[in-house]
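The values are calculated or read from the model by the stated rules, or taken from the named source; none is laboratory data. What you see is a predicted model; the values in this text were computed from it and never measured. A quick note on method: Cβ atoms are made from the backbone with ideal geometry, for glycine too, and the neighbour counts reach across all protein chains shown.
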Amino acid sequence: MKQNLLEIRDLTKIYGGGLLSQSPPVVALQHFDLLIPEEPAQIVTIAGESGSGKTTLANLILGFVRLTSGLMLYRGMDVTRMTKAETLTYRREVQAVFQDPYSVYNPYYRVRHIFDVVIKNFRLGSGRRESRDLMEDALRLVGMKGEDILHKYPHQLSGGQRQRMMVARAYLMKPTLIVADEPVSMIDASLRAMILDIMLKLRDEHNISFLYITHDLSTAYQIGDEMHLLYRGLTVEKGSTMRIIENPQHAYAKDLIASVPVPDPAKKWQGRIQMADENEATRHTLSPRPVYWEVEPGHWVAEG
């Protein structure tokens with residue numbers, strides 16, 4: 001029987017609201033469920049507008065924040081109860097690619113230092129030659145060469161080069177899962193296509209799954225296998241990415257997809273954006289656990 005790579009059950013994260021806090025708690029994510037199988041590798045999209053809980057989910061999976069309640073299992077092991085050795089393995093096998101390629105690198109170190117730290121801390125190479133081969137292999141995957149960038153400082157690289165270098169650093173660890181938080185939102189269209197192609201290659205040729213966090217439904221449609229659509233911390237629709245975008249069932253999903261302009265200059269976009277009340281977004285009461293109904297096999301929609 002095949003085990004799951006990542007399984008999340010009824011995950012909830014609440015910020016604030018402690019005994020010493022004067023402000024009400026903020027429910028950032030609630031009653032979230034997710035399943036990523038070990039094989040075949042998948043690109044699971046977490047989509048939604050700003051404030052929907054996407055980055056909170058990424059931070060929970062990466063261990064940057066602690067969950068309030070729920071269960072998160074990696075290969076059957078409770079992530080919150082791992083031993084030191086299990087945690088080290090988890091941190092090696094679950095990697096991250098962040099949104100901003102300009103702020104994740106220390107400007108005082110050359111590019112080679114970024115790879116050297118990873119190789120040293122996780123004991124990936126036994127000598128300079130083997131370490132260099134590992135770097136070259138990772139850089140080759142993203143269309144770069146060590147002789148062109150390893151001696152440079154981060155500010156000497158373009159945004160697209162830095163983002164590809166971040167993907168190469170993640171691949172260097174030979175992960176099973178990469179959490180990609182808006183990885184193409186700050187680079188131009190040509191490089192965006194390159195990053196997406198690299199993600200597909202890693203999925204298809206290296207069996208690396210992705211948790212692709214985005215507000216861009218067009219890129220989600222391009223590469224996503226499954227999708228979870230979030231609205232203010234709650235999942236309103238989940239299932240096949242193609243089915244959700246081509247045949248949305250929930251009212252919020254319909255409005256969100258309808259707001260995407262048609263790529264035809266002859267057709268003017270006539271939509272209007274209605275901004276939600278900011279005070280409502282910081283509600284401090286948990287909503288009841290949503291009831292899902294299956295509209296098609298594998299396509300679930302929250303009631304309401």
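Listed values, structure above:
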read-out	value
Candidate set: the range 41-82, residues that are under 25 Å from PRO183 (Cα atoms) and of a type in the set (S, T, N, Q); chosen: the one surrounded by the fewest Cβ atoms within 10 Å (Cβ to Cβ)	SER50
Output for the range 79-92, where each listed residue is under 23 Å from LYS201 (Cα atoms) and either at pLDDT 95 or above or not charged (D, E, K, R) (or both)	TYR90
Whichever residue in the range 177-192 is within 30 Å of LEU35 (Cβ to Cβ) and free of Cβ contacts under 8 Å to residues at least 40 places away in the same chain and, among such residues, is surrounded by the most Cβ atoms within 10 Å (Cβ to Cβ)	VAL184
Every pair of residues 6+ apart whose Cβ atoms lie under 8 Å, when the first sits in the range 24-53 and is at negative phi while the second is of a type in the set (A, V, I, L, M) and part of a loop (DSSP other than H, G, I, E, B)	VAL27/LEU286; GLN30/LEU286; ALA41/ILE208
Qualifying residue in the range 216-238 (condition: under 14 Å from VAL301 (Cβ atoms) and of a type in the set (Phe, Trp, Tyr))	yes
Condition met for ALA251 (small (Gly, Ala, Ser) and either at pLDDT below 85 or surrounded by 14 or more Cβ atoms within 10 Å (Cβ to Cβ) (or both))	no
Number of positions in the range 132-141 that are surrounded by fewer than 21 Cβ atoms within 10 Å (Cβ to Cβ) and either closer than 15 Å to PHE98 by Cβ or among the hydrophobic types (A, V, I, L, M, F, W, C) (or both)	2
Residue check for ARG164: surrounded by 21 or more Cβ atoms within 10 Å (Cβ to Cβ), touching a residue at least 24 places away in the same chain (Cβ under 8 Å), out of contact with any Phe, Trp or Tyr (no Cβ under 9 Å at 6 or more places or on another chain) and over 23 Å from THR56 (Cα atoms)	yes
Scope the range 1-46; condition among the hydroxyl-bearing types (Ser, Thr, Tyr) and either under 19 Å from GLY298 (Cα atoms) or at pLDDT 90 or above (or both); matching residues	THR12, THR45
Candidate set from the range 83-111 (those that are among the β-branched types (Val, Ile, Thr) and touching a residue at least 60 places away in the same chain (Cβ under 8 Å)); member that is surrounded by the most Cβ atoms within 10 Å (Cβ to Cβ)	VAL97
Counted residues, the range 47-78 - those being at pLDDT below 95, of a type in the set (Val, Ile, Thr) and not in a loop (DSSP other than H, G, I, E, B)	2
Test: residue in the range 146-168 that is among the acidic types (Asp, Glu) and closer than 24 Å to VAL184 by Cβ	yes
ARG123 being buried (at least 18 other Cβ atoms within 10 Å of the Cβ), charged (D, E, K, R) and either part of a helix (DSSP H, G or I) or at pLDDT below 90 (or both)	no
Among (1) in contact with a Leu (Cβ under 8 Å, 6 or more places away or on another chain); (2) assigned to a helix (DSSP H, G or I); (3) at pLDDT 90 or above; (4) not basic (Lys, Arg) - the single one LEU196 does not satisfy	(1)
When residues of the range 177-236 are limited to those that are among the acidic types (Asp, Glu) and within 14 Å of the chain's Cα centre (by Cα), the one farthest from VAL94 (Cα to Cα)	ASP216
Test: residue in the range 107-121 that is out of contact with any strand residue (DSSP E or B) (no Cβ under 6 Å at 6 or more places or on another chain), under 25 Å from SER185 (Cβ atoms) and not hydrophobic (A, V, I, L, M, F, W, C)	yes
Out of ARG203, ARG169, sole residue that is part of a helix (DSSP H, G or I), among the basic types (Lys, Arg) and within 13 Å of THR45 (Cβ to Cβ)	ARG203
